[in-house]
Amino acid sequence: MKVAAALLWVSLERGMTLTTRDATETSVSVNASPDEPETYDPEDIEVREWMGADGMAIIEKEIAAGHAALSTSLQAIDRLFGARQSGVSPTPISTICETIGVKTQACGRVGEYLGRLANVDTRVSVKVPKFAAYVPCDVLFATSLRKLCELPANGPSLVYRADICKALASAPHVIGEGHALFKFGDRRDASACFPTFYKTRLMKKRDDNYVLLDLNHGRHWGPMNKVADADIPWASKSATLVWRGVSTGTCDTGAVNSRMMLCNKWYSSTDSRIDVGITAVAQNCNLAGRYMKPAKSMEQLLTTKYHLLVNGNDKPSGLNWVLLSNSVPFMVEPDIESWLLEASLKPWEHYIPIKPDFSDLSEKVDWAVQNDGEAERIAKAGKEYVQQFGTTEEEMAVQAAVLAAYVDRMDIADGGASVKLEGTC
């Protein structure tokens, strides 16, 4: 399978070592510096653990269906833009949505993904210092969509651009020649000076220059296809709180809302209802080795009522599929937003909120046990929330609308030697 093969390749390329402890436990160490861009994403290890070999085949089908659907939508938009006259104002978002059959409610999300760009009446003109000669990771760059697919790229950038490039293979002319600003990776530290495509954005900047795309779709949405078969009814689940993950994020047990702080406080907890552990040491976070526990498949994880979700390099990779399950999420109030639009998730309605220092886990488990019906209601509300997102075909149409609206509202050229793209603008 292509996905599994790619994960194996990057593991070998970056020096992943596997040390088998026994038939049920494997220690994984991934040698990669947190200060340098990765050539792969270590959180993809989590996906393999959840899905297994058969599940990776499900994700492969999801990815292929997404490419085909996005291509179809882009071709329809290409015909719309090809018929317009030069010099006219940007096409209304509603017109773009109607062209490719995006329903009214879903079309509203297009504006949310676009940030401030959704409200411009004239095109935003940008003169960048130069167009990119390669596709970097964690560095803001400018290129045409077609060049995005032709330029050399490293590991994670190959993953991030894959969905767009597979769709452009059918060569939509207008969209393909449009220019855009991108920043691939998990770093959003510096402020974008102009509307720029990201996978995630800080919640406090959702109305700024951060334009969301559904990048790395397979990792975040593919596992949802397995939930129906892997899950069991609420009443059949144990009243325990579980977390498994890779040691991504800040490697500091004193860092609030970090995986290391969680494990430092709860790995050896005397509360038998709480089960947390690291399954792979990544990004040179060697101290995570003391918190190792066996990985769990999705089927094993879904035997518990309560699921802890913790940020890694950005959002928790399992958030989407846990929301879709019959279990209830426990999580810190989100500060990062993705295609899932986490800003709309409400504490005590869609998830059980916990403190950023994880000091109240036992207290919140007590509450859930004593209020079993209410906890189940929250789990059901989370499922209803995530079900507003459509089929692969429908979501790719929304993504096509975002791409089209962006290209139609931006006028990007090179030659702006003194123009800053991010930081202090």
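Could you list all residues from segment 219-236 that are β-branched (Val, Ile, Thr) and in contact with a Phe, Trp or Tyr (Cβ under 7 Å, 6 or more places away or on another chain)?
Of everything in segment 219-236, just one residue is β-branched (Val, Ile, Thr) and in contact with a Phe, Trp or Tyr (Cβ under 7 Å, 6 or more places away or on another chain), namely VAL227.
Exactly one condition in (1) assigned to a helix (DSSP H, G or I); (2) open to solvent by less than 20 Å² (accessible area, probe 1.4 Å); (3) not hydroxyl-bearing (Ser, Thr, Tyr) is not met by GLY416; state its number.
(1)
Looking at ARG206 and the list (1) touching a strand residue (DSSP E or B) at 6+ places or on another chain (Cβ under 8 Å); (2) closer than 20 Å to LEU158 by Cα, which single condition is not satisfied?
Against the list (1) touching a strand residue (DSSP E or B) at 6+ places or on another chain (Cβ under 8 Å); (2) closer than 20 Å to LEU158 by Cα, ARG206 comes up short only on (2).
Hey, any hits in segment 1-20 for a residue that's at pLDDT below 55, closer than 19 Å to ILE164 by Cβ, among the charged types (D, E, K, R) and under 26 Å from the mean Cα position of the chain (by Cα)?
Step one: of segment 1-20, the residues at pLDDT below 55 are 1-20.
From the residues that got through so far, the ones that are closer than 19 Å to ILE164 by Cβ too are 2-3, 6.
Going one step further and asking which of them are among the charged types (D, E, K, R), we end up with 2.
Narrowing the set further to residues that are under 26 Å from the mean Cα position of the chain (by Cα) leaves 2.
Taking every residue of segment 1-20 in turn, at least one turns out to be at pLDDT below 55, closer than 19 Å to ILE164 by Cβ, among the charged types (D, E, K, R) and under 26 Å from the mean Cα position of the chain (by Cα).
Within segment 260-275, identify whether any single residue is of a type in the set (Ser, Thr, Tyr) and within 20 Å of VAL47 (Cα to Cα), and answer yes or no.
Within segment 260-275, none of the residues are of a type in the set (Ser, Thr, Tyr) and within 20 Å of VAL47 (Cα to Cα).
Out of segment 248-272, which residues are open to solvent by less than 10 Å² (accessible area, probe 1.4 Å), more than 29 Å from GLU376 (Cβ to Cβ) and at pLDDT 95 or above? Reasoning before the result, please.
Going residue by residue through segment 248-272, those that are open to solvent by less than 10 Å² (accessible area, probe 1.4 Å) are 248, 258-260, 262-263.
From what's left, more than 29 Å from GLU376 (Cβ to Cβ): 248, 258, 260.
Residues satisfying the conditions are SER258, MET260.
Can you tell me which condition ALA235 does not meet? The list is (1) under 16 Å from GLU43 (Cα atoms); (2) free of Cβ contacts under 8 Å to residues at least 40 places away in the same chain; (3) open to solvent by 40 Å² or more (accessible area, probe 1.4 Å), and all the others hold.
In the conditions (1) under 16 Å from GLU43 (Cα atoms); (2) free of Cβ contacts under 8 Å to residues at least 40 places away in the same chain; (3) open to solvent by 40 Å² or more (accessible area, probe 1.4 Å), ALA235 misses (1) alone.
For segment 217-243, what are the residues that are part of a helix (DSSP H, G or I) and not small (Gly, Ala, Ser)?
Those that are part of a helix (DSSP H, G or I) and not small (Gly, Ala, Ser): HIS217, ARG219, HIS220, TRP221, MET224, ASN225, LYS226, VAL227, ASP229, TRP234.
Look at THR424 and say whether it is surrounded by 14 or more Cβ atoms within 10 Å (Cβ to Cβ) and out of contact with any Lys or Arg (no Cβ under 9 Å at 6 or more places or on another chain).
It is false that THR424 is surrounded by 14 or more Cβ atoms within 10 Å (Cβ to Cβ) and out of contact with any Lys or Arg (no Cβ under 9 Å at 6 or more places or on another chain).
The values are calculated or read from the model by the stated rules, or taken from the named source; none is laboratory data. Being a predicted model, the structure only gives us computed values, none of them experimental. Here the Cβ is made from the backbone with ideal geometry for all residues, glycine too, and neighbour counts use every protein chain on show. Calculation scope for accessible area: heavy atoms of the full protein, side chains included, ligands and nucleic acids excluded. Shrake-Rupley method; radii C 1.70, N 1.55, O 1.52, S 1.80 Å.
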